[in-house]
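Below is one structure; the comments refer to it alone.
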Amino acid sequence: MILLALPNKGRISKPVNEILEKAGLKITVRGRSLFANTVDEEIKVMFARAKDIPEFVADGVADVGVTGYDLMLERDTEDRIDTLLDFKFGSARLVIASPENSEINSLEDIKDGMKIATEFPCLTKKYLEKKGLNLEIIELSGATEIAPFIGIADLICDLTSTGTTLKLNRLKEVCEVVSSTTRLVANKNALEDEEKARKISELINAIRSVMYAQSKRLIMLNAPKSNVEEIIKVIPGMNGPTISEVKSYQNTDMPMVAIQAVVEENQIFTIVNQLEKLDGRDILVVPIERIIN
Ligand SMILES: Nc1ncnc2c1ncn2[C@@H]1O[C@H](COP(=O)(O)OP(=O)(O)OP(=O)(O)O)[C@@H](O)[C@H]1O
Ligand SMILES: O=P(O)(O)OC[C@H]1O[C@H](OP(=O)(O)OP(=O)(O)O)[C@H](O)[C@@H]1O
Ligand SMILES: [Mg+2]
């Protein structure tokens, strides 16, 4: 049995649940309780704040968990937990920023004794120490961007993704502290337990199969048999396209075949145009939930 810690709120909670559901790991019983069962009776789930998950996994309260890389660093857990995979979403950069009208434009302009407001006190402190700087850290629990304007800090160290919040608050980026995405992490002891490691590996494979399928589409069409060679050049597919005969056309003067192949989503536009030129008909482009190789 493994216990998987998932974020109960916040922006990474929904995408993580969606991936798990597509992976076939549906959460079955979930009321107001912070624990839940899944369709696999050997995988139980606990819900917690993304911020607390690194600590829960490091301590072995949970065997595996989903959290942000920034939060792992803030809780000083990178040495105590293993990263199993990068979900590649929830991407944000932790940056130091100063008011647009300030003279602090780069790391060299930051001086000892300045005040810096942040939700990430440990990570900020470690970064500044590494740069040989000693600043006063003002710990806040959100809306950090306001700190310079109410006079409690010269700088902030906060997450930015689209850059909108910085701009809206007339702040400019000074330097990047770390770049983060959402990760699947595991307790080191859990990985040494044969039974848990097997379950964890099943979980990784299921998630990978969903992530791999995300950028792919299944393309299906009917086409004249005589054009098959040309069509194969357009849709090579993962292992070559699957080609089958369309019965009702076999005794006509234009025998048809049905073709299907998995292709990259970003090539669909070009491929469909090429297939139409090769007399492809009834072309279907279908999303794929999982690809298990
Ligand atoms: N603007 C953003 N864009 C993308 N990812 C972000 C952004 N802000 C935070 N994150 C990432 O989301 C994760 C934070 O999840 P968490 O649930 O703690 O925060 P949240 O979604 O900001 O919720 P709240 O601020 O309400 O507590 C972190 O790993 C962080 O890097
Ligand atoms: O670059 P952007 O796309 O504008 O995103 C950055 C903002 O997102 C996060 O705030 P959040 O919404 O989590 O609020 P919080 O500060 O209360 O955590 C972060 O702390 C920034 O304020
Ligand atoms: Mg936040």
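A few notes on this one:
- The set of residues in the stretch 127-149 that are farther than 20 Å from LEU71 by Cα, without any contact (Cβ under 8 Å) to a residue 12 or more places away in the chain and within 15 Å of ligand 2 (Cβ to nearest atom) is empty.
- Complete set of residues in the stretch 6-22 that are over 11 Å from the mean Cα position of the chain (by Cα) and part of a loop (DSSP other than H, G, I, E, B): ASN8, LYS9, GLY10, ARG11
- Scanning the stretch 180-215 for residues that are more than 16 Å from ligand 3 (Cβ to nearest atom), among the hydroxyl-bearing types (Ser, Thr, Tyr) and more than 16 Å from LEU4 (Cα to Cα) yields SER209, TYR212, SER215.
- Any hit, the stretch 73-91, residues being of a type in the set (D, E, K, R), farther than 29 Å from ASN17 by Cα, touching a residue at least 60 places away in the same chain (Cβ under 8 Å) and surrounded by fewer than 17 Cβ atoms within 10 Å (Cβ to Cβ): no
- Hey, ILE288 within 30 Å of LEU25 (Cα to Cα), among the aliphatic types (A, V, I, L, M) and touching a strand residue (DSSP E or B) at 6+ places or on another chain (Cβ under 7 Å) or not: yes
- Some residue of the stretch 64-83 being among the small types (Gly, Ala, Ser) and under 21 Å from LYS9 (Cβ atoms): yes
- Among all residues of the stretch 281-290, there is at least one that is in contact with an Asp or Glu (Cβ under 8 Å, 6 or more places away or on another chain) and in a strand (DSSP E or B).
- Condition check for VAL95: at pLDDT 95 or above, more than 14 Å from ligand 3 (Cβ to nearest atom), under 16 Å from ALA50 (Cα atoms) and not basic (Lys, Arg): no
- Of the residues making up the stretch 1-11, one or more are surrounded by fewer than 20 Cβ atoms within 10 Å (Cβ to Cβ), within 16 Å of LEU203 (Cα to Cα) and in contact (Cβ under 8 Å) with a residue 40 or more places away in the chain.
- Candidates PHE35, PHE56 - the one that is buried (at least 19 other Cβ atoms within 10 Å of the Cβ) and either away from ligand 3 (no atom under 16 Å from the Cβ) or touching a residue at least 60 places away in the same chain (Cβ under 8 Å) (or both): PHE56
- Reported count of residues in the stretch 104-126, each being without any contact (Cβ under 8 Å) to a residue 60 or more places away in the chain and under 30 Å from the mean Cα position of the chain (by Cα), is 11.
- Single residue of ASP63, ASP40 found to be among the charged types (D, E, K, R), out of contact with any His (no Cβ under 6 Å at 6 or more places or on another chain) and surrounded by fewer than 21 Cβ atoms within 10 Å (Cβ to Cβ): ASP40
- Selected residue (criterion: surrounded by the fewest Cβ atoms within 10 Å (Cβ to Cβ)) from residues of the stretch 146-188 that are away from ligand 1 (no atom under 16 Å from the Cβ) and within 25 Å of the chain's Cα centre (by Cα): LYS188
- Looking only at residues of the stretch 232-254 that are modelled with pLDDT of 75 or more and of a type in the set (A, V, I, L, M, F, W, C), we find that the one that is surrounded by the most Cβ atoms within 10 Å (Cβ to Cβ) is VAL234.
The values are calculated or read from the model by the stated rules, or taken from the named source; none is laboratory data. As the structure is a computational prediction, the values presented were derived from the model and not from experiment. Here Cβ is always computed from backbone atoms with ideal geometry, including for glycine, and neighbour counts include all displayed protein chains.
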